[in-house]
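In what follows, a structure is listed as structure tokens, so that the remarks can point back to it.
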Amino acid sequence: MLTIKDLHAAVDNKAILQGLNLTIHPGEVHAIMGPNGSGKSTLGNVLAGRDGYDISGTVTYQHQDLLSLAPEVRAQAGLFLAFQYPIEIPGVSNIYLLKAALNAKRKAQGLPEVDAMDFLNSVKEKIKAVDLDQDFLYRSVNEGFSGGEKKRNELLQMLILEPSMIILDETDSGLDIDALKVVADGVNSLRSPERSFMVITHYQRLLDYIVPDFVHVLANGKIVASGGKELALKLEAQGYGWLDNA
Amino acid sequence: MNTANSELTALLNQNYQHGFVSAIEADALPPGLSEDTVRAISFKKNEPAFMLAWRLKAYRHWLTMTEPVWAHVAYPPIDYQHIVYYSAPKVKPTLNSLDEVDPELLRVYEKLGISLNEQKKLSNVAVDAVFDSISVATTFKDKLLSMGVIFCSFSEAVQKYPELVQQYLGSIVPYTDNFFAALNAAVFSDGSFVYIPKGVRCPMELSTYFRINAASTGQFERTLIIADDDAYVSYLEGCTAPMRDENQLHAAVVEIIALDRATVKYSTVQNWYPGDKDGKGGIYNFVTKRGACRGVKAKISWTQVETGSAITWKYPSVVLQGDDSVGEFYSVAVTNNYQQADTGTKMIHIGKNTSSTIISKGISAGFGQNAYRGLVRINPGATHARNYTQCDSLLMGDRCGAHTFPYIEVKNSTAQVEHEATTSKIGADQLFFCQQRGLSAEDAVNLIVNGFCREVFRELPMEFAVEAQKLLGVSLEGSVG
């Protein structure tokens, strides 16, 4: 699915990622943990194609050179970044954005635009799954939403777009436990042998609900330790300090 | 685009030169403005005595006035003695096919979704008689006349309906109003005249079908719209297609009268040549637009989408005289590159229970400067008057500017006046978010900008709204990323 080799990224000559290697196969869930400033969010942004970084190394996504693709092309190819701080777009209704996004993806796949009625029925079904009222479809994108509502809205976009590679950037930040469960349930419902996840998080808590196959520890722009889900528990118990001596 | 524009301008100038050399020269006045110029214009148009007298009074008054300097715009001094104040409509050269038209212009037409036949008309390519809009226009005119609706050129109205013209001309915008209105009154060449009789609901949007014919408008236009008791009309001015003109100064006047329970909706889409990317050339659009709700429960609604012109100076206003009358102003003004806009409205509340709504959306990109200037005045007799003003600015990039100059004068304690203003920026975050959901940068900007303008676009007639959305996309092309 995704192969990252010797990835470096810098902002204003300040190195953030410094030779990161990672392979994610279809169906796998990888957690990326690490202290603040270790480069976790940068990794998500670089993979999604945010500009402003000086990048070297290679990233192969579904046999394509990911780094050479425009951000929208990456998204159309099924790469999805759930934002830590979802953006507000005043005046643009949620349902309009969802439809535009879905049609952009379908167009890239050579499919016709989605039928309006089919789309409406499918959206109404999926918004129930994320525990949001239908009114949210007609409200401006994320405008005036609470932190939890914004994250559930990200999940709704994920359910509609059915991406193949999902990157969750600190999705647990700002969520109370109930909202966390709703989001985790939604994510788990998407788990399948064809779909992969990269779960970026500072805390182990999220991984109680989205159980990873692999856990990686990111420090100083590199993966310094990898293991199974028990590694996350060790981090929870001992903090990140022990890694300095490792 | 820069080179394409200057090449096109060069081409146009060349063609216009040819135009001057041929038959037209004989029917143009030499440059310059004097009483003789005014008399000559009136004479050429075969006007009745009251028109000449009015024009001369306007001219003499204009001589005593000075150009206004209070607007938030800057431009080199205009030499009024260098302007040609009268020339017969210039004949554009006829082309054989669209292949001869500048490809850049065709690309813009394409993006705006203008049909091939309209493209041909706009670029003066010969078309089949079936598509000749003049014959279409005649058919509609006959239908309107059968309902008593008068819709014709101002010149025709002066000849055929002099008593209506004499009664209302200058009654809303007197020639003493301002410098440019005085100049317009003295030398205006033509424009539109609309009269909707009592109780008639005009069955079509006026001028949508005529926009191609209306394309060759003059430098000093004058429009007069009269809606009698219980009448309704929706009037559309302008065209989304790019308009080029060798006249730099445009000073139009629009007057609207709404009598008892009459409603007039006036929508404008203005896309005059804004100048090139370096701010060279472009139209100065100095317009006076005003409506009066003379009767009870009368309503006048202005909707404007301003994307063109190097400089825009206009304040479509409503004087709310009749009790329970309503005034509305919905505006989107875009300034890109070096464009400057100082626009807004005036709502003058005189009658009881009058209400007004102002929704202004300013978008600045490049080095564009966008100012909202609005006056809300509640006179002492206007008990229970209400106003709601919302004034939003959207900035793209960090070299443009947005300015808000609200003036609120309340002289009646029962009035309710609300003013809200916001300034926001299209951020890299919003763009990246949309792109991460699969939209191209261009589609993302369109989405964000159209969301910002939604409250105004929904006031436009449907087909115009769709065109206006596309127009915004074209106007802001290349301003991000």
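Values in this text are rule-based calculations from the coordinates and carry no lab data. Since the structure is predicted, the reported quantities are computational estimates derived from the model, not experimental observations. Methodologically, a virtual Cβ is constructed for each residue, glycine included, from the backbone with ideal geometry; neighbour enumeration extends over all protein chains shown.
Against chain A, whose longest principal axis is taken from its Cα atoms, helix A:116-129 shows a tilt of about 50°. Here region B:378-441 is described by how far its Cα atoms reach on the three principal axes: 56, 26, 13 Å, from widest to narrowest.
Each residue of region A:198-203 was assigned a 3J(HN,Hα) from its phi angle through the Karplus expression (A = 6.51, B = -1.76, C = 1.60, θ = phi - 60°), giving 10, 9, 8, 7, 8, 10 Hz with x at Gly and Pro.
For the pair B:A28 and B:H384, a Förster radius of 56 Å applied to the C-beta separation gives a FRET efficiency near 0.55, rounded to the nearest 0.05. Bridging of A:K5 to aspartates and glutamates at a Cα separation below 15 Å is possible for A:D65, once same-chain residues fewer than 8 apart are set aside. Counting, for every residue in B:441-447, the Cβ atoms of other protein chains within 10 Å of its Cβ and taking the mean gives 3.
The distance linking region B:436-472 with region B:158-191 is 37 Å (Cα centroid to Cα centroid, whole angstrom).
Under a 5 Å amide H cut-off, with hydrogens placed 1.01 Å from N, B:I359 pairs with B:F329, B:Y330, B:S331, B:Q390 among residues at least 5 apart or on other chains.
By other beta-carbon atoms within 10 Å, ranking B:M147, B:M347, B:M462 with the fewest at the front produces B:M462, B:M147, B:M347. With the cut-off at 1.5 for a/c, could you classify region A:157-246 from its C-alpha gyration tensor as rounded, prolate or oblate? Prolate is the answer for region A:157-246, as a/c is 1.5 or above and a/b outweighs b/c. Among A:206-214, A:17-25, the peptide with the highest mean count of other Cβ atoms within 10 Å heads the list, and the full ranking is A:206-214, A:17-25. For B:A402, the residues 5 or more places off, or on other chains, whose built amide H falls under 5 Å of its own are B:N370. Per-residue shielding of B:426-434, expressed as the average number of other chain Cβ atoms within 10 Å of the residue Cβ, stands at 6.
Spread over its residues, the convex hull of the C-alpha atoms of region A:108-168 is 109 Å³ per residue.
Based on DSSP H segments of at least four residues, each scored -39500 (n - 2.57), the protein assembly as shown has a per-residue ellipticity at 222 nm of -9500 deg cm²/dmol. Backbone geometry of region B:353-359 corresponds, through the Karplus equation with coefficients 6.51, -1.76 and 1.60 at θ = phi - 60°, to 3J(HN,Hα) couplings of 6, 7, 9, 9, 10, 10, 10 Hz, x marking Gly and Pro.
Dividing the alpha-carbon radius of gyration of chain A by the rule-of-thumb value 2.2 N^0.38 Å gives 1.01.
Sequence gap at least 6, Cα distance under 8 Å: using those rules, report the relative contact order of region A:111-246 to the nearest whole percent. That works out to 18 percent. Dipole magnitude for region B:373-453: about 320 debye, using +1 per Lys or Arg Cβ and -1 per Asp or Glu Cβ, origin at the Cα centre.
Placing unit charges on the Cβ atoms only, positive for Lys and Arg and negative for Asp and Glu, gives region B:412-477 a dipole magnitude near 140 debye about its Cα centre.
When only C-alpha pairs under 8 Å and at least 6 residues apart count, what is the relative contact order of region B:378-481, in percent? RCO, region B:378-481: 28 percent. If you find the alpha carbon centre of region A:190-221 and of region B:334-388, how far apart are they in angstrom? Using only Cα atoms to place each centre, the spacing works out to 53 Å.
Counting Lys and Arg as +1 and Asp and Glu as -1, each charge on the Cβ, what is the dipole of the protein assembly as shown about the Cα centre in debye, to the nearest 20? In debye, rounded to 20, the protein assembly as shown gives about 1160. Convex hull volume per residue, computed on the Cα atoms of region B:287-396, equals 69 Å³.
Per the Cα gyration tensor, the protein assembly as shown maps to an equivalent ellipsoid with semi-axes of 58, 28, 23 Å, ordered largest to smallest. A cut-off of 5 Å between modelled amide H atoms, ignoring neighbours fewer than 5 places along the same chain, links B:T335 with B:I363, B:S364, B:A365. 3J(HN,Hα) along region B:38-51, derived from phi through the Karplus expression 6.51 cos²θ - 1.76 cosθ + 1.60 where θ = phi - 60°, amounts to 4, 4, 5, 4, 4, 5, 4, 8, 6, 7, x, 4, 4, 5 Hz, with x in place of Gly and Pro.
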